[in-house]
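Derivation of every value follows stated rules applied to the coordinates shown; laboratory data play no part. This one's a predicted model, so the numbers in the text were calculated from it and none came from an experiment. With ideal geometry, Cβ positions are generated from the backbone for all residues, glycine too; neighbour counts draw on all protein chains shown.
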């Protein structure tokens, strides 16, 4: 029995499995299960994963790149302690 609703992110049909344990046992741990309700293939999924990985790497590299003087600090001395109104030493 299939559910008629759709996944909002990928526009794929959801499947409702009456007895999931039996389904897993019958399909060799879902390895023999075919895909239904999607146009995606292993190749397109891997391509999308690679693109997302590159995007995330770029974001992390930008966030963690050293300053122009090349010196990275564990703390920012320009931050003022709100209680003492002084910068840390």
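So if we plug the beta-carbon distance of residue 35 and residue 57 into 1/(1 + (r/R0)^6) with R0 = 30 Å, what FRET efficiency do we get, rounded to 0.05? Kindly include the intermediate steps, with their values, before the conclusion.
On the way: r = 28 Å, r/R0 = 0.95.
Here the calculated transfer efficiency is 0.60.
R0 = 22 Å: FRET efficiency of residue 15 with residue 44, Cβ-based, nearest 0.05?
0.65
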